[in-house]
Amino acid sequence: MILSIFFSISIILSACTTKEEPINNENDKLVAIVSVVSSGTENAYNFSVGISSPDTGCNQYADWWEVIAEDGTLLYRRILDHSHVNEQPFVRSGGTIEISSTQIVIIRAHMNTSGYGILAFKGSVDQGFKSTTLDEGFLQNLASVAPLPTGCAF
């Protein structure tokens, strides 16, 4: 009898925990920069950028990261040719970026479905880069500036 009650309670508890639905959060669809490391020399820097993105395949993936000057000029864009479903977060390098070691830049990423993420990094080669949150409308016009992806491999 006690074993039967215990078994029934276990089934009820198991049913309660396995049927719980995840919270539907709009931020789950946003891409985020999680790290930035620079290397190189004056006016010839490379960046290794860590990205966290809710990739599901070519239908939803991070399609680029970019470096922007404080005045809004696009300095560099690294196109990502495929999704990274099973590699999260992932790091991709790019450059050569013609900036001085003291120039303040913003590094952000873009999803093919939801556009720019608001979690970016800001800083300089000399001072380092720190996480920052951008306004949702920050320089959205850059999404149509070349270079742009031509497709997704997988």
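Scoring H110 on the criteria (1) in contact (Cβ under 8 Å) with a residue 12 or more places away in the chain; (2) assigned to a strand (DSSP E or B); (3) surrounded by fewer than 13 Cβ atoms within 10 Å (Cβ to Cβ); (4) of a type outside the set (A, V, I, L, M) leaves a single failure, condition (3). Within segment 74-88, being surrounded by fewer than 18 Cβ atoms within 10 Å (Cβ to Cβ) and part of a strand (DSSP E or B) holds for L74, L75, I79. Please work out if T132 is in contact with a Lys or Arg (Cβ under 7 Å, 6 or more places away or on another chain), at pLDDT 95 or above and polar (S, T, N, Q). So T132 fits the description; yes. State yes or no: is L80 at pLDDT 95 or above, under 13 Å from the mean Cα position of the chain (by Cα) and farther than 15 Å from V37 by Cα? Against the criterion (at pLDDT 95 or above, under 13 Å from the mean Cα position of the chain (by Cα) and farther than 15 Å from V37 by Cα), L80 qualifies.
Summed over segment 52-75, residues that are out of contact with any Phe, Trp or Tyr (no Cβ under 8 Å at 6 or more places or on another chain) and either among the β-branched types (V, I, T) or under 20 Å from D126 (Cβ atoms) (or both) total 7. Any idea which residue in segment 114-154 is surrounded by the most Cβ atoms within 10 Å (Cβ to Cβ), counting only those that are under 16 Å from the mean Cα position of the chain (by Cα), in a loop (DSSP other than H, G, I, E, B) and small (G, A, S)? Selected residue: G117.
Whether a residue is among the acidic types (D, E), assigned to a loop (DSSP other than H, G, I, E, B), at pLDDT 95 or above and out of contact with any Gly (no Cβ under 6 Å at 6 or more places or on another chain) was assessed, and D71 passes this test.
Condition check ((1) farther than 17 Å from R108 by Cβ; (2) at pLDDT below 95; (3) in contact with a Lys or Arg (Cβ under 6 Å, 6 or more places away or on another chain)) across all residues:
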{"site": "E26", "(1), (2), (3)": "yes, yes, no"}
{"site": "S38", "(1), (2), (3)": "no, no, no"}
{"site": "S52", "(1), (2), (3)": "no, no, no"}
{"site": "N59", "(1), (2), (3)": "yes, no, no"}
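Within segment 86-107, residues that are in contact (Cβ under 8 Å) with a residue 12 or more places away in the chain sit with their Cβ atoms under 9 Å from residues that are among the β-branched types (V, I, T) and part of a loop (DSSP other than H, G, I, E, B), at 6+ positions apart or across chains, in these pairs: I99/V125; S100/V125; S101/V125; T102/V125; Q103/V125; V105/I99; V105/V125.
The values are calculated or read from the model by the stated rules, or taken from the named source; none is laboratory data. Just so it is clear, the model here is predicted, and its values are computed rather than measured. Backbone-built Cβ (ideal geometry, glycine too); neighbour counts: all protein chains shown.
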